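Working notes for the structure below.
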Amino acid sequence: MSMRETVKSVLGEKNMRVLRRLKRRVRKLTQPAKPVKPTGLDAISDDLNKLAVHFKTDKWGTHRYTQHYQRHLQHLKKESFNLLEIGVGGYSRAGQGGASLRMWKAFFPKAQIFGMDIQDKSFVDEDRITTFIGDQSDPSSLNAVADKIGDLDVIIDDGSHRSPHVLTTFATLFPRLKDGGIYAVEDTQSSYWPEWMGSEDRDAPNTSMAMLKRLADGLNYEEFVDENYQPTYTDLNVVAVHFYHNLVIIEKGRNAEGTNKRSALKQRYAKS
């Protein structure tokens, strides 16, 4: 007689049915719970493209920026840090703007999100979102906002897009960006538009794109053969420049990897 038949003969059919029900209940209780699928914002909180669509910011759709931001900012996803965006949106229309600030808040659950605009956008303020009135063409105004924030880990220039304003903002705030920080300049197409204080001349020296292209040269300042060249602040503190359609992303850090130019250019340096 098998073990099952022996137990059945001892317990009887009724008790065997009770035993089987108990076994099924124990099996259910000991099985790992099925993961609960996130819903609402939680369901898209890891996808900047979907968050941009949800909050109706033009960083996806009109533009294709969020796919690049996802790549360059993903490492900050679970970090506590400060993000400042110049330009809150909505221009002077009452109650308009703040879409991208809300998107950043949803994507970075531990970050403090700050916005600066020439208009009063305080209606956007809420937990982890703070706005300031400021003029990006005025270094003192930019510095006053930066003083209120403290550490700057990410700076996004989505302001007027006028070249003089972009240049002033970068010159003022990039030195205040922390090492390892990210600085982004959006809508660089305006650099080519005279109507937006840009220039049809792609070699014009005072446009935002001209400044950004110089950063790419500055990455390689150690390779210059001009012995009188003195590296600039950005030469020494920009470690990467990523160019995309209408968007440039700059990584800050110590740029001093060294050079092999003396061994590669032995004739030039033979007498030095």
So, first residue more than 21 Å from residue 151 (Cα to Cα) and without any contact (Cβ under 8 Å) to a residue 60 or more places away in the chain in the stretch 112-123, second residue outside any strand (DSSP E or B) and polar (S, T, N, Q), Cβ within less than 6 Å, six or more apart or across chains; the pairs are 119/92
Given (1) buried (at least 17 other Cβ atoms within 10 Å of the Cβ); (2) small (Gly, Ala, Ser); (3) closer than 14 Å to residue 82 by Cα, residue 141 misses just (3)
Residue list for the stretch 165-207, restricted to those being in contact with an Asp or Glu (Cβ under 8 Å, 6 or more places away or on another chain) and of a type in the set (Val, Ile, Thr)
166, 168, 169, 182, 185
Quick check, is residue 166 under 18 Å from residue 248 (Cα atoms) and touching a residue at least 60 places away in the same chain (Cβ under 8 Å)?
no
Those residues of the stretch 129-152 which are closer than 24 Å to residue 93 by Cβ, assigned to a loop (DSSP other than H, G, I, E, B) and under 21 Å from the mean Cα position of the chain (by Cα), in sequence order
136
Tally of residues being out of contact with any strand residue (DSSP E or B) (no Cβ under 9 Å at 6 or more places or on another chain) and not hydrophobic (A, V, I, L, M, F, W, C) across the stretch 222-256:
11
Pair list, Cβ under 7 Å, 6 or more apart: the stretch 54-81 residue on the phi > 0 side of the Ramachandran plot, other residue of a type in the set (Gly, Ala, Ser):
56/99
Can you name the residue in the stretch 76-117 that is among the aromatic types (Phe, Trp, Tyr) and in a helix (DSSP H, G or I) and, of all such residues, is surrounded by the fewest Cβ atoms within 10 Å (Cβ to Cβ)?
107
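Taken together, the values in this text are just the output of simple stated rules run on the coordinates, not laboratory data. In this text, all values refer to a predicted model and were calculated from it rather than measured experimentally. FYI the Cβ positions are ideal-geometry reconstructions off the backbone, even for glycines, and counts take in every protein chain you see.
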